[in-house]
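This report refers to the structure that appears directly beneath it.
Throughout, read-outs are computed from the coordinates displayed, never taken from laboratory work. It should be emphasised that the depicted structure is a prediction, and the values quoted were computed from it without experimental measurement. FYI the Cβ positions are ideal-geometry reconstructions off the backbone, even for glycines, and counts take in every protein chain you see.
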Amino acid sequence: MRPGLFSLFNRAGAWVLLLFLVTPALIAIPVSLTPKRFLSMPGNELSLRHFQHLFTSEEWLSSFFQSGVIALSTSVLATFLGTLCAIGLWRVSSKYSELVRAFLLLPLIIPQIISAMAFYRLWIPLGLLDSYLGLILAHTILAAPMVLITVSASLATFDPRLEQASKNLGASNWTTMRRVILPSIRPGVFAGALFAFILSWDEIVVTLFISKFSVYTLPRRMWNGIRENTDPTVAAAAVVLIAITIIAFVVSAILSRRNAGESRS
Amino acid sequence: MNAVARHIHPGWAIVAPLLVLVVALYLGPILNIMWLSVTDPEPGLGNYRKLYESDSLLRIVWTTLRICVITTIFSVSLGYSIAYAMVHCHLRQKNYMLTLLLVSFWISILVRTFSWLMLLGRNGLVNNTFETLGLISAPIAFMRNELGVLIGMVHYMIPYAVLPLLVSMQSLDSRVMDASRNLGASGSQTFWRIYLPLTLPGIVASTLLVFILSLGFYVTPAVLGGGKVLMVAEYISVQLLVTLKWGTAAMLAALMLAGVLAMLWIMSRFMKLSAVFGGSTR
């Protein structure tokens, strides 16, 4: 059927909207290249001094490092717990397991400000405020549902008879898990790990509540920069983050393409 | 012991670690906060009574609801247009559109908020461009008011609105629309009387999802509102970190949570929740 006038008009509108979604972020690029000391558009000359500052300043470097450590630990922990949990729920598959699944997805949908309150409330008596462990645990609870979703999606296409066959042939539970189940849900596990990393790397609301001085993540430092609204180093950091986003996006696109290829063959 | 163990599926053993962690470190303190809302500073419904008694508190709740409703209306209707265009074009074009959508979905909220700050400020790019072009004589106030907050929020929410709609539109049987055209209905009749009602579950899911996310939104209102537009999330953070009043904050959190859970329940009537979540992370 030939698209009608309305449909063509709508398609043009959709393109405009999609460009509206992406282009505003690009303004960070020119602002980061300004030669001036304050946030401004560059005039005739460009300068890389703010990038130089970003990559030589002790404060920014330590924030990159801390965010990296926290995001990596969160990703590992959330992927481990989330994958086990997804396999367990898949095995049980009863009315109760669906209830538990719904409950475990709550941290993803409950407003971040309430999660932040909850962690802040508990971390005070536990002495976890402003510590790596505190941030990693909080981020893990927020990120595990992501892993649960991606791994469950992979398990949905996994044939349970393969597990039966493996056990009938004499493999132990552990061997079955390692040699049969895990290889077939690998794309879901990788996607979950990637999402968990990004969630933690980007997380600001909970971080604002439970970190103060000794742990100062990248989003936290950017938040400060944005509130002070003077130092163009923030723009340089924003450009670096956009670059990382695009790289992560390409990686995940390749992963999901490979995933699609496997399920087709 | 053995009798009990035989009734419990062994699969629960590997569900337990995450479940215990979430119950102990997440559900526990949330219940504690609910409890605080009726006990701090003194037992009773005093915190909830403040909603009637304090004009400023009522105004904050009202501002939050108004901004959330407007954000939801704009995000869902613009999202509907995007999803419709994506479903009804060639695969190549659809993939380009999906890429743009997901890239924007993945760009850090802080980067986006920072960009709006650069674009919308008094000396921002938008005002400067308009002035050089001679369109305006004085800068338009985009920031420190609801306009700025709305622009930032709609921009952030559109991808979330599109994804459930996309799932719903893709699962539609296009032969139903062909049948409607064959029976003599015009294009617009088919759209209004067949297509739109059939995508209603998607619209409901997308509306509730965006509304829930807007309700607790913190970053964009705090930065683009510049202290002039106070919403519940920012008020809670001030209560906890500056004035240390747990009671009022806990009451607002309890109301927000009750609202969110109620909306999730409605949403589960219309759509499998896992489909919405699954769609929004892929």
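If you take all C-alpha pairs in the stretch B:31-129, what percent of them are over 23 Å apart? Provide the component values of the computation, followed by the final result.
On the way: 2952 of 4851 pairs.
Tail of P(r) above 23 Å: 61 percent of Cα pairs.
Compute the relative contact order of chain A as a whole-number percentage, counting only Cα pairs closer than 8 Å that sit 6 or more residues apart in sequence.
Values: 270 pairs, mean separation 79.1, N = 265.
Rounded, it is 30 percent for chain A.
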Next on the checklist: Give me the Å³ per residue figure for the convex hull around the C-alpha atoms of the stretch A:139-214.
Outcome noted: 100 Å³
Checklist outcome for this item: Treating every alpha carbon of the stretch B:103-234 as one equal point scatterer without solvent, the Debye formula yields log10 I(q)/I(0) values at q = 0.13 Å⁻¹ of -0.72
Item to check | Local electrostatic count at residue A:227 - Lys and Arg +1, Asp and Glu -1, tallied over other residues with Cβ under 15 Å | outcome: +1
Checklist entry - Kirkwood Rh, Cα Rg: Rg to Rh for the stretch A:172-220? => result 1.28
Checklist entry - Just from the alpha-carbon atoms, what are the Rg and Dmax of the stretch B:175-258 in angstroms? => result 21.9, 67
Item to check | Calculated FRET efficiency for the pair residue A:159/residue B:39, C-beta based, R₀ 45 Å, to 0.05 | outcome: 0.30
Next on the checklist: Please compute the volume of the convex hull spanned by the alpha-carbon atoms of the protein assembly as shown and report it per residue in Å³.
Outcome noted: 198 Å³
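Quick one: pull the percentage of alpha-carbon pairs in the stretch A:145-265 with a separation above 22 Å. Before the final figure, lay out each step's value.
Working: 3916 of 7260 pairs.
Summing the P(r) tail past 22 Å for the stretch A:145-265 gives 54 percent.
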Item to check | Mean projected area (nm²) of the alpha-carbon convex hull when the stretch B:91-137 is viewed from all directions | outcome: 4.6 nm²
Checklist entry - For the stretch B:128-200, what does the equivalent ellipsoid look like in terms of its semi-axes, each the square root of 5 times an eigenvalue of the Cα gyration tensor, given largest first in whole Å? => result 42, 18, 9
Item to check | Column: log10 I(q)/I(0), Debye, Cα scatterers of chain A, q = 0.10, 0.15 Å⁻¹ | outcome: -0.69, -1.16
Checklist entry - How many nm separate the modelled label positions at residue A:243 and residue A:65, each set 7 Å beyond the Cα in the direction of the Cβ? => result 2.0 nm
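At a Förster distance of 30 Å, what's the computed FRET efficiency of residue B:183 paired with residue B:92, Cβ-Cβ distance as r, to 0.05? If you can, show how the numbers build up before the last one.
Working: r = 33 Å, r/R0 = 1.08.
With a Förster radius of 30 Å, E is 0.40.
Cα-Cα pairs above 17 Å in the stretch A:90-157: how many percent? Don't skip to the end; give the middle numbers.
Values: 1172 of 2278 pairs.
Across the stretch A:90-157, Cα pairs with separations above 17 Å total 51 percent.
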Item to check | Exposed chymotrypsin sites (Phe, Trp or Tyr not before Pro) absent - longest run of chain A, DSSP non-H/G/I/E/B, at most 15 other C-beta within 10 Å | outcome: A:39-212
Item to check | For the stretch B:190-203, 3J(HN,Hα) per residue [Karplus equation, 6.51 cos²θ - 1.76 cosθ + 1.60, θ = phi - 60°, Hz, x = Gly/Pro] | outcome: 4, 5, 6, 9, 10, 5, 4, x, 5, 8, 3, x, x, 5
Checklist entry - Here are some pairs, A:36/B:228; B:50/B:228; A:95/B:94; A:212/B:228; which of them have Cα atoms lying more than 28 Å apart in this structure? => result A:36/B:228; A:95/B:94
Checklist entry - Quick one: putting +1 on the C-beta of Lys and Arg, -1 on the C-beta of Asp and Glu, what dipole do you get for the stretch B:46-281 around its Cα centre, in Debye to the nearest 20? => result 180 debye
Next on the checklist: Amide H of residue A:39 versus every other amide H placed in the peptide plane: which residues, excluding those fewer than 5 positions away on the same chain, fall under 5 Å?
Outcome noted: none
Checklist entry - Counting other Cβ atoms within 10 Å, which GluC sites (Glu not before Pro) in the stretch A:1-95 have at most 13 and lie in a DSSP loop? => result A:45
Next on the checklist: What are the ³J(HN,Hα) couplings of the stretch B:207-216, residue after residue, when phi is run through the Karplus curve with 6.51, -1.76, 1.60 and θ = phi - 60°? Round to Hz, x for glycine and proline.
Outcome noted: 4, 5, 4, 5, 5, 4, 5, 5, 4, x
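Using Cα pairs closer than 8 Å and at least 6 residues apart in sequence, work out the relative contact order for the stretch A:77-147, in percent. Kindly include the intermediate steps, with their values, before the conclusion.
Details: 32 pairs, mean separation 40.5, N = 71.
Across the stretch A:77-147, relative contact order equals 57 percent.
For the stretch B:46-281, calculate the relative contact order in percent as a whole number, restricting contacts to Cα pairs under 8 Å that are 6 or more residues apart. Present the calculation step by step, with values, prior to reporting the outcome.
Numbers: 245 pairs, mean separation 65.0, N = 236.
Rounded, it is 28 percent for the stretch B:46-281.
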Item to check | Quotient of C-alpha Rg and 2.2 N^0.38 Å, computed over the stretch B:46-281 | outcome: 1.18
Next on the checklist: Explain nothing, just compute: Karplus ³J(HN,Hα) = 6.51 cos²θ - 1.76 cosθ + 1.60, θ = phi - 60°, for every residue of the stretch B:108-122 in order, whole Hz, x for Gly and Pro.
Outcome noted: 3, 4, 5, 4, 5, 5, 4, 4, 5, 4, 5, 7, 9, x, 4
Checklist entry - Put +1 on the Cβ of every Lys and Arg and -1 on every Asp and Glu Cβ in chain A; which of A:155, A:242, A:113 then has its Cα farthest towards the positive end of the dipole? => result A:155
Checklist entry - Rounded to a whole number, what is D in µm²/s for the stretch A:11-104 from Stokes-Einstein with the Kirkwood radius over alpha-carbon pairs (4 °C, 1.567 mPa s)? => result 71 µm²/s
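Other chains' Cβ within 10 Å of A:85-94 residues: what's the mean?
Values: counts 9, 3, 3, 11, 6, 2, 7, 7, 2, 2.
That average works out to 5.
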